[in-house]
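FYI, it's all coordinate maths here, none of it is from the lab. This one's a predicted model, so the numbers in the text were calculated from it and none came from an experiment. Quick reminder, even Gly has a Cβ in these numbers, built from the backbone with ideal geometry, and neighbours come from all protein chains shown.
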């Protein structure tokens, strides 16, 4: 233990400090909005991933687009609303109706108020006129008509509470559910409101109850909870969901349930500020409804919201008014009247979607009350968060300091998975919403700190690894790697790279004609020049194979344009060879001619070899093909041959297609190309020659020998030094005497390397 303390003491001290900071955050000594937002995000994700569960007891009566088109624009005449109430209660026999709308203004659309004013004013002297106007009241006073429809019916009217600076008290509130006297002198935290926009007195007197429909957005604007009771003045009023549920269940009163007296002192309980629950006086026993702080409840979203959200059945208001639905569709159901039309502005931001119908939030709360299923943040959540942070911090602090990097990653992931899994289990099995953002951030912080600590002490080792690449890459790349050695490793991996082979033509003849010391100087000058070309384009020099050079681009430093760099290097090598030739000829040495093969594709790159000798190199089919392409350059009389993948990956260059070939060791034919220059730098006459050549090549593949020969001979007259034309004229002569098979695909097969 003492040895571990001496080795890891400083790292443990840093881990302990992070753990203490996490505990301080959990205890609200160092509160941060980031932690709160992460916990809210986790809560939202739970809502999103849980499957939709249809509650058949609750129906949303939707004032939808079809209803507006059929009945008229909103707000409807109270006469129409009265018809709706009559249909729901008398025809469909619903259990209860909750209106997520407010009737705060008198309905004067019938013109009855004008007639009544005339009867008492300008036309009062007309005999019998006032009596006739009074006789029309029952049919033209739509507010009276609606009040008559509400009397004795299980209907709850909605209203809106306000804390705006200019808030006023408008309309009539329903009877309060509780008053301050019901709390026996206890201080109870609740949302407090100073104004309201309620229903007309005659309507509220006629209705069975009333409930506010205010949401309670969190700091990010998302609605996750609603108040079940809200305080206006010294009285506490029911929400629309609570009032509708109470009426549906036949309850007549709400009573508070206080914390148990033996939990804390009586003085503490009087100042505690929270209730354990509220209860409805249902029969045979009271229905207990747990509440969160400020008498709120977390919303359990049953679906994604809307008619197709899967949580609740939606019916069109027009179908109910017209009586088009079967009676059993709504019989003994709790019906909430609301809208999903965007223009009526009752769409809210919810965890499951940005435009969630406000009426469905009340439906979710009603469903939770009926199911006795509320998610709750326990009173001991803070204590749990502190203990969780301490356990996570101590375990990770010890484990990460002893584990290797890969195991550290796995252990940190496992710890995060355990925290998430436990949290989800408590949520699903016990309806507890527990915080976990602090623990997850602590896991991340401890992991990062331990990785950084390891990096600082492994820095020299990392520098040593980078120095190994100095044998392969240019000095400027070594400097780049040294700035971030952790990103580079000689471990084998699969990548798409571009690989190049360059070889001297006729080297055997050259070597036989030069003295050993002259040959050594000849080959050294050539290899040096080729290597400098490779380094110039940030390539990796793989190896020398006699007079051949192998190089690749894209590793160890990733280069998105590795193919273009390879093509540029191949063309540069040809220019370099011509410059060397001038010096070689002055010295009386043999002329230098090189062939370059280039290919792009997936390959294995890394430190490979035996126990005796290893090298950073590439292997794979794409590498083998590049070697074969270098070999066929002399057959086609060109300096550079590239594969189709290289052409595709380096589109800024102009190419001449040479053939479709099957090289030794490959069963599938591949097209091969000669890069000529950058498209932007290509001479117009050369561009024209490429187009003429491709037309001639198409004639060859179509077995139109005469046309192909004529086109190629014209090209040969213009470019007599181009050996490709001589090759194809010979092939045409051969094919005339030995016609290809009928399904000939124009592929040339090479049996040798």
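Data table
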{"quantity": "Extended-chain gain in nm, criterion 0.36 nm per residue less alpha-carbon gap, residue 735 and residue 286", "calculated": "151.6 nm"}
{"quantity": "Cα→Cβ-extended label distance, 7 Å offset, between residue 371 and residue 36, nm", "calculated": "2.9"}
{"quantity": "Cα pair distances in the stretch 159-213, grouped into 5 Å bins until the bin that holds the longest one, percent each", "calculated": "4, 18, 23, 22, 18, 12, 4, 0"}
{"quantity": "Virtual spin-label span in nm between residue 750 and residue 719, 7 Å along Cα→Cβ", "calculated": "2.0"}
{"quantity": "Residue exposure sequence - 573, 47 - by fewest surrounding Cβ within 10 Å", "calculated": "47, 573"}
{"quantity": "Global geometry of the stretch 683-753, whether rounded, prolate or oblate, following the gyration tensor of its Cα atoms and the 1.5 cut on a/c", "calculated": "prolate"}
{"quantity": "Convex hull of Cα atoms in the stretch 606-753, direction-averaged projection (nm²)", "calculated": "11.0"}
{"quantity": "Degrees between helix 459-468 axis and first principal axis of the chain (Cα, 0 to 90, nearest 10)", "calculated": "40"}
{"quantity": "Alpha-carbon centroids, the stretch 71-109 and the stretch 598-625: separation in whole Å", "calculated": "79"}
{"quantity": "Three-way shape call for the stretch 341-435 based on the alpha-carbon gyration tensor, with the a/c threshold at 1.5", "calculated": "prolate"}
{"quantity": "Simple label model, 7 Å out from Cα along Cβ direction - residue 666 to residue 680, nm", "calculated": "3.1"}
{"quantity": "Taking 553, 693 and counting other C-beta atoms within 10 Å, the order from fewest to most", "calculated": "693, 553"}
{"quantity": "17 Å cut-off, amide nitrogen to a point 7 angstrom out along residue 690 Cα→Cβ, residues in the stretch 630-655", "calculated": "638-655"}
{"quantity": "The stretch 635-678-the stretch 491-531 distance, computed between alpha-carbon centres (Å)", "calculated": "22"}
{"quantity": "Three-way shape label, the stretch 281-400, alpha-carbon gyration tensor, a/c 1.5", "calculated": "prolate"}
{"quantity": "Matching label, Rg and Dmax of the Cα atoms in Å computed from the structure shown, candidates (1) 25.1, 79; (2) 42.6, 142; (3) 26.7, 84", "calculated": "(2)"}
{"quantity": "Calculated FRET value between residue 496 and residue 69, using beta carbons and R₀ = 51 Å, to 0.05", "calculated": "0.30"}
{"quantity": "For the stretch 679-716 versus the stretch 385-433, the gap between their alpha-carbon centres in whole angstrom", "calculated": "69"}
{"quantity": "Helix 705-718 vs. the chain, principal-axis angle (Cα, 0 to 90°, nearest 10)", "calculated": "70"}
{"quantity": "Acute angle (nearest 10 degrees) that the helix 33-49 long axis makes with the longest principal axis of the chain, alpha-carbon atoms", "calculated": "90"}
{"quantity": "213, 430 arranged by Cβ crowding within 10 Å, fewest neighbours leading", "calculated": "430, 213"}
{"quantity": "Contour excess over end-to-end distance, with Cα ends at residue 355 and residue 93 and 0.36 nm allotted per residue", "calculated": "91.2 nm"}
